[in-house]
Every structure is written in structure tokens, then in C-alpha cells.
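The values are calculated or read from the model by the stated rules, or taken from the named source; none is laboratory data. Predicted model only: the values in this text are computed from it and were never measured. Please note: Cβ atoms are built from the backbone with ideal geometry, for glycine as well, and neighbour counts cover all protein chains shown. For the accessible areas, the whole protein counts, side chains as well, though only heavy atoms, and no ligand, DNA or RNA atoms are used. Shrake-Rupley method; radii C 1.70, N 1.55, O 1.52, S 1.80 Å.
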Amino acid sequence: MFDLLRGLAIIVAVSLAGGWLHAHGAPIPGGVLGLLLFYGAMVTGVLKLRWVDRAANLLLRHMVLLFVPLTVGLIEIGPVLSRQAVAIVVSLIVSFLAVLLTTGLLARWLLRPVETRATETAEVSR
């Protein structure tokens, strides 16, 4: 039980730290800052995986419940969404295609043989 509470406390503290940084002028959203702080702490060894493992597994198991407020919020702003439906759909399609194209081209370039990439890099540097 202590492991679970410690993990939840760590996750909440890091999330609140990200929110605090955002509130004090950081131009990145608090949730993203919290994730970056968490990642940095895990990579540097400040946080150990065993400290947050049980809490993270609990949150992942019950993730569906965490989307209920989001769904209720979307239902609440339904009239706004319906007025802006065309703009939303167009922006979703364009962003989806941009990500798909970028990922595909990058994967194609990265999966080429090393000699081909080295030749292309040498030609560009000339």
C-alpha cells in the first residue's frame, strides 16, 4: 500500500510542478512540462521505476474512467463544435496527413542502408 501511495504522490507532485512552472511563465503547457520533468527525473535516476510502477499500472488500468470528464465536456460544448465542424475536420485531416507524410519520409530515410545515407550527406555538404 505504501508503494502505491508513494507512487501516486510522486506522479501528482511532478504534475503540479509542471503546472506551477507554466503558471509562472513557462510557455509550455503544465501537463507537458510535468511529463518532461518526470522523464528527466527517470532518465537521470532521481526517480526510480519501482517507486511509481504500481501507481502507474493502476492509472493505466483505469484510464477509461479518466476520459469521462473529457467526454462530458465535449457534450457540453456540442453547439460550438457543430458550428465549427468543417474547420475542425479540415484541420484534423491536414494535420493527420502532415504527420503521416513526415513519419513515412523520415522512416524511409532512416531505414536506407548506411552507405546511401552517407553518400547523400556527403553530397549535401559539398
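Numbers for the structure displayed
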quantity: Some residue of region 62-72 being under 20 Å from the mean Cα position of the chain (by Cα), closer than 19 Å to Ala9 by Cβ and assigned to a helix (DSSP H, G or I); calculated: yes
quantity: Any hit, region 50-60, residues being polar (S, T, N, Q), free of Cβ contacts under 8 Å to residues at least 24 places away in the same chain and under 30 Å from Ile88 (Cα atoms); calculated: no
quantity: Filter result for the condition that a residue is among the aliphatic types (A, V, I, L, M), open to solvent by 100 Å² or more (accessible area, probe 1.4 Å) and at pLDDT 85 or above, over Leu97, Leu111; calculated: Leu111
quantity: Filter result (of a type outside the set (Gly, Ala, Ser) and either touching a Leu at 6+ places or on another chain (Cβ under 8 Å) or open to solvent by less than 60 Å² (accessible area, probe 1.4 Å) (or both)) within region 38-64; calculated: Phe38, Met42, Leu47, Val52, Arg54, Leu58, Leu59
